[in-house]
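Data first, discussion second: the structure below is written as structure tokens.
Throughout, read-outs are computed from the coordinates displayed, never taken from laboratory work. The model shown is predicted, which means the values in this text are computed figures rather than measured ones. So basically every Cβ, Gly included, is an ideal-geometry build from the backbone, and we count neighbours across all protein chains shown.
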């Protein structure tokens, strides 16, 4: 369940800052890196909310002609009237008027609350930010780390997305390219020897 998106006076706080995440193709919030703009009820509502990122059609928007348009439905984000606390919703395809028009103001060049830009080496973690990579065993070069169900396994190189990963600078985790909602983690809350 998400939180409704509303309009309010500009404060410059993180809850008013967003960025486009290339991996999930969603517009994420700077305040919570695991949440994205989302049409409520799995796309079946007119309410716009901030929900857990899951890379589904009701979270995919493009900015075109001053409007945020959902990639599948073709409907544009809009407001009913200008006023503090008014809900933002998505109901109609792009049409005339200011209720669907928005202005993007970029906060800085490094994307909100990020230490490194895409392609830069995060010196603390030793990985390049936002660039896909595969992990090969040094013992047998033809084998790579792969995902099978919810486990990491070693398999022959096959060029599949399940063998590609990305370092997410927002969450400071290694994320699956095929399953962007999944990151490397030690089982049993870090108390196990298995990933």
Given a Förster distance of 41 Å, report the FRET efficiency between residue 41 and residue 157 from their Cβ-Cβ distance, rounded to the nearest 0.05.
0.50
Let's test the formula: R0 of 25 Å, r as the Cβ-Cβ distance of residue 34 and residue 121. What FRET efficiency results, to the nearest 0.05?
0.55
Put in order of increasing Cβ neighbours within 10 Å, starting from the fewest, 121, 37 give 121, 37
With 0.36 nm assigned to each residue of separation and the Cα-Cα distance removed, residue 106 to residue 134 gains 6.9 nm
For residue 178 and residue 7, what is the calculated FRET efficiency with R₀ set at 41 Å and r taken between the beta-carbons, to the nearest 0.05?
0.70
